[in-house]
Structures are given as structure tokens and as C-alpha cells.
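Take a look at the structure set out below.
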Amino acid sequence: VSEQFPYPGKLRLRGEIASKETDAAQADYEAVRRRISSEVKAAYYDYFYFDRAIQTTNRNKDLLEKLSKIAEARYRVGKAMQQDVLRSQIEISLLLEKLTMLEQQRATVQARINAFLVRSPESPLPPAADVEPETITHSLDELYALAATNDTAVLRNQRMVERSRLGIALAQKEYRPDIGVGYMYQQRAGLPDMNGVTVTVNIPVFYKSKQRQGVAEASEDLISAEKMHDNRLNEVRFELKQQYLAAKTSERLLTLYSKGVVPQSSLALESSMAAYQVGNVDFLSLIANFTTLLDYETDYYRQLADYQTALARIESLTGSDVTGPPVPTSPVSDS
């Protein structure tokens, strides 16, 4: 019977190294969880955009069909040209083409969401619920600090730095000898039983080619881990800055669309419709106002989806809820 007893401190260091590796693996698990959560949110906000874009386009198609009927009525009484009628029909066909593309894109996003839910790609989804824009309650510097503390890759690299430091301490311990203790019992025919105790000590004779090189390797591992940690900090700051600027840009555009551009475009369309019926505006100007309103309404929902997606990615990087109550912006009018 024999047992090897490592030099005092070696077992503790090996246990701490294993603990750091476990923490790093836990950070990898959390990274996957956050990534999936962020991708699900991004897919949902895309689904929300296509759903609202289809609703807006259908509503405007109905309006355009009314405009086409007005143009036909004016043409029959000689107050409009035939090209007005033909142009309205072309615009209706273009809207039908746009609807076809939007429906195809919504079906693609729906299949992606179903894949996340481990369901058949054809499984139906309910209409997207309303999304209210939220506001970021943290400054960019505060987001940097949150990411430095909570980003999964930063956490993992920090644990690997700590593991490498423990690895150096363990490599230095390898200069110290381990002790082996053994006990032997032997029965001998015609002779007294024999008992023996052995004590062994491994001496690092070749420390220059083994233990010293082990310390050098552990030191290089530490340098590499520190570089990876610093590099990830730079990367996460860049990603945060990118998403923060995208969110702020979308936030400003949402306010511009909801409080200025869309209401003004709606009023311009209503005014041109009334003027066209009495012959004060040509049909091309009326169509121009119509397409402008449609573009701005769909752009509003695109910016809203992009804004929420940027927030979801910021939350994934910081591991924190960085939003407050909804900002006071009104939905696009149904005109």
C-alpha cells in the first residue's frame, strides 16, 4: 500500500485552477444564453416591423384605390387625363409588389422565430404586439463600466487570467518535492512475516529542462490571457459605442417621424387630395405626397425595430437592463 503526498499547497492550487476553469465554462454558458436571447429579440422586432409595414401598406393601398376611383370619375367628366388613371393603376401594382415582398420577408422571420422555439417553420404566429420605444438611462461611460464587469467574454478572460496566475504559482511549486509513503506486508513460508515502510522523495534533478520550462510556459500563458482580456475590453467598447450610436440615431428619428414628418406628410396628402378634386393640383403631385407618407410611415416602424434591437444588444453586452420608462412618442397615425 502506498500513497503520494504532494508538496503542501499543490492540491489547493490545483483545486483553485479547476474552480477558475469552471467559472470560465459558466461564462461560456451565459454567453450562449445571452446570444440566443438577443437573437430572439432581434427576430421578434423584425417580425414586428414586417407586420406593421404590411398593415400600413394595405391601409395605403385602400387609400390609393380611392384615389384611383376619383381619377376615373374626373376622367369620365373630362376634368382629368387618362394618364392619371393609368398612373394610379401602376401605383397600385407597385404596392401589390411591395406587399408580396413584405409577406415573404415576414414568413422568413416567422420561420426563424419558430426555429428558436423548436417548432415547425410553418407554425403560425399571432400578430406582433405593440412595441413602445424605451429610453436608455445610462451614459456611454456607465455602459462601458457595466460591460467591463458583466460582459461574458470579459468575465471568461478574467477567470483565465486568474487561472494563469495560479498556474505560475503551481509551476513554481513543482520545484518542491512530493513525498511518497508506502507500507509492505509479506508472509514467508518458514520465516517470520515481514513488514516494511518506505518513504520516497522525488528530487527535481532536471529542473532546468522541466520545472524551469514549466514556469516559463505558465508565464507565457498569463501574458496571452492578459492580452485576450485587454483585447476583449477594446472590442466590447467598440460594440457598445456602435450600438449606442445606432440607438440614439434611431431615437432621434423616431421623435422626428412621430412628431414632425408623418403628421406633416399626412396633412400634405389630405390637402393635395382636396385640391385635386377641384383641379388645383395635378395627379403626379398627389401621388408624390402619397408615396412620401407611405415611406415615412414604414420608416418609422423600421427605426423602431432597429432601436429596440440595438437596446437588446446593449443589454446582452452589459448584462443589465439599461432602459427606463417608454419615451413619450405617439404611434403613427392611421390616416
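The values are calculated or read from the model by the stated rules, or taken from the named source; none is laboratory data. What you see is a predicted model; the values in this text were computed from it and never measured. Methodologically, a virtual Cβ is constructed for each residue, glycine included, from the backbone with ideal geometry; neighbour enumeration extends over all protein chains shown. The protein model used for the area step is the full one, side chains on, heavy atoms only, and it has no ligands, DNA or RNA in it. Shrake-Rupley method; radii C 1.70, N 1.55, O 1.52, S 1.80 Å.
For the range 96-121, residues that are over 11 Å from F50 (Cα atoms) and open to solvent by less than 40 Å² (accessible area, probe 1.4 Å) total 3. Against the conditions (1) of a type in the set (D, E, K, R); (2) modelled with pLDDT of 85 or more; (3) open to solvent by 60 Å² or more (accessible area, probe 1.4 Å), R232 satisfies every one except (3). State whether one or more residues within the range 307-320 are farther than 17 Å from L143 by Cα, surrounded by 15 or more Cβ atoms within 10 Å (Cβ to Cβ), at pLDDT below 95 and of a type outside the set (S, T, Y). No: the range 307-320 contains no residue that is farther than 17 Å from L143 by Cα, surrounded by 15 or more Cβ atoms within 10 Å (Cβ to Cβ), at pLDDT below 95 and of a type outside the set (S, T, Y). Taken together, R34, R112, R14 contain a single residue that is in contact with a Leu (Cβ under 8 Å, 6 or more places away or on another chain) and more than 24 Å from M273 (Cβ to Cβ), which is R14. In this structure, I223 does not qualify as farther than 26 Å from R163 by Cα and open to solvent by 40 Å² or more (accessible area, probe 1.4 Å).
Identify, please: which residue in the range 122-137 is open to solvent by less than 50 Å² (accessible area, probe 1.4 Å) and in a loop (DSSP other than H, G, I, E, B) and is, among those, farthest from Y244 (Cα to Cα)?
S123
Filtered by the rule that a residue be more than 60 Å from the chain's Cα centre (by Cα) and either of a type in the set (G, A, S) or not in a strand (DSSP E or B) (or both), the range 175-199 gives Q187, R188, A189, G190, L191, P192, D193, G196.
In the range 113-138, the residue that is farthest from Y45 (Cα to Cα) out of those that are in contact with a helix residue (DSSP H, G or I) (Cβ under 9 Å, 6 or more places away or on another chain) and polar (S, T, N, Q) is S120. Summed over the range 244-285, residues that are closer than 27 Å to L67 by Cβ and either more than 41 Å from the chain's Cα centre (by Cα) or open to solvent by 30 Å² or more (accessible area, probe 1.4 Å) (or both) total 22. Taking the criterion of being under 14 Å from R313 (Cα atoms) and either open to solvent by 30 Å² or more (accessible area, probe 1.4 Å) or assigned to a helix (DSSP H, G or I) (or both), the residues of the range 141-162 that qualify are L143, Y144, L146, A147, N150, T152.
Yes or no: the range 163-174 includes at least one residue that is in contact (Cβ under 8 Å) with a residue 24 or more places away in the chain, outside any helix (DSSP H, G or I) and either of a type outside the set (G, A, S) or touching a strand residue (DSSP E or B) at 6+ places or on another chain (Cβ under 6 Å) (or both). For the range 163-174, residues in contact (Cβ under 8 Å) with a residue 24 or more places away in the chain, outside any helix (DSSP H, G or I) and either of a type outside the set (G, A, S) or touching a strand residue (DSSP E or B) at 6+ places or on another chain (Cβ under 6 Å) (or both): present. Pairing residues of the range 233-254 that are of a type outside the set (A, V, I, L, M, F, W, C) with residues that are surrounded by fewer than 17 Cβ atoms within 10 Å (Cβ to Cβ) and assigned to a helix (DSSP H, G or I), at Cβ distances under 8 Å and at least 6 apart in sequence or on separate chains, gives K241/L140; Y244/L140.
Applying the criterion of being touching a Leu at 6+ places or on another chain (Cβ under 8 Å), hydrophobic (A, V, I, L, M, F, W, C) and more than 24 Å from Y307 (Cβ to Cβ) to the residues of the range 40-93, the residue that is surrounded by the most Cβ atoms within 10 Å (Cβ to Cβ) is L67.
For the range 255-299, a residue qualifies if it is assigned to a loop (DSSP other than H, G, I, E, B) and charged (D, E, K, R), and exactly one does: D282. Among the residues of the range 10-18, are any within 30 Å of S271 (Cα to Cα) and either surrounded by 15 or more Cβ atoms within 10 Å (Cβ to Cβ) or in contact with a Cys (Cβ under 8 Å, 6 or more places away or on another chain) (or both)? Checking the range 10-18: not a single residue is within 30 Å of S271 (Cα to Cα) and either surrounded by 15 or more Cβ atoms within 10 Å (Cβ to Cβ) or in contact with a Cys (Cβ under 8 Å, 6 or more places away or on another chain) (or both).
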